[in-house]
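*Asks:* Okay, here's the structure, questions in a sec.
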Amino acid sequence: MEDPSVPREFATTHWSLVLAAKPDDASRTRARQALEELCKAYWYPLYAFVRNRGYSPDDAQDLTQAFFARIIETGGFVSADPEQGRFRSYLLGAMKHFLANEWHRRQTQKRGGHVRFIEWDALDPEARYAGTSKPSDDPEHLFDREWALETIAGTLQALRGEMVKAGKGAQFDALKGSLTGEEELTREEIATRLDMSEGAVKVAVHRLRHRYRKLLRAAIAETVSDDADLDDEMRYLVAVLRKR
């Protein structure tokens, strides 16, 4: 498995594979696989965006499913503009175009035709939407906020997986509040729970934050085409979460 802490060439990221797709079958297959991996993290931000545009839960599910089916089945990535740089921007623009096209909606079959890219029953998106996504007069900001939250959630999950594998799952659970800003315990309480000195806890927090930033940066790197876009996306993620 590739080490996210090691600097990487952008030509090997998922989004760069999509942008560099050639007409030959092997290249298109690699691009499709990369696109599928990228899309998996975006189903809920797009669903929330569609719902916030006024569509019913059923229609939002149908349209989101159909959108992903269309973009993956038909090689929709061919229209991606390398100058756009960010997969997030490309995907939202493609969805807005899709929703604006009445013909596409008339051709939509239930749950996105024959492809079930998203298993709605298992995900229960409407319960999540009702519980976490507040209606907004700015659907694009809602999309960006859900993107930021999904990116962070995925990074935390990956980091916890590493810690559990290293036998430090309890340490992660005790310290994760230092990453999210939702610390529930004092350093003294954490030290007592983990049977560590407060100095050792401080060092563990520093290391955890360092690894978290590397994993977050690696996750975002998969969705941009160069270092400049990566730095911009990192800053944008923070700005989106600060905005109310």
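The values are calculated or read from the model by the stated rules, or taken from the named source; none is laboratory data. If you're wondering where the values come from, they're calculated on a predicted model, not measured in any experiment. No Cβ is skipped: glycine too gets one built from the backbone with ideal geometry, and neighbour counts run over all protein chains shown.
*Asks:* Can you pull out the helices (runs of 4 or more DSSP H) entirely within the stretch 166-222 that have at least 3 residues that are of a type outside the set (S, T, N, Q), surrounded by fewer than 17 Cβ atoms within 10 Å (Cβ to Cβ) and at pLDDT 95 or above?
*Replies:* 198-221
*Asks:* Quick one: would you say residue 68 is in contact with a helix residue (DSSP H, G or I) (Cβ under 8 Å, 6 or more places away or on another chain), surrounded by 18 or more Cβ atoms within 10 Å (Cβ to Cβ), at pLDDT 60 or above and part of a helix (DSSP H, G or I)?
*Replies:* Against the criterion (in contact with a helix residue (DSSP H, G or I) (Cβ under 8 Å, 6 or more places away or on another chain), surrounded by 18 or more Cβ atoms within 10 Å (Cβ to Cβ), at pLDDT 60 or above and part of a helix (DSSP H, G or I)), residue 68 qualifies.
*Asks:* Let me ask you something else. When the residues of the stretch 133-165 are narrowed to those that are exposed (fewer than 15 other Cβ atoms within 10 Å of the Cβ), within 18 Å of residue 237 (Cα to Cα) and modelled with pLDDT of 90 or more, which ends up farthest from the chain's Cα centre (by Cα)?
*Replies:* 140
*Asks:* With the requirement that a residue be assigned to a helix (DSSP H, G or I) and touching a helix residue (DSSP H, G or I) at 6+ places or on another chain (Cβ under 8 Å), what does the stretch 223-237 give you?
*Replies:* Result: 227, 230, 233, 234, 236, 237.
*Asks:* Same structure, new question: Does the stretch 85-104 contain at least one residue that is crowded, with 20+ Cβ neighbours inside 10 Å and at pLDDT below 80?
*Replies:* yes
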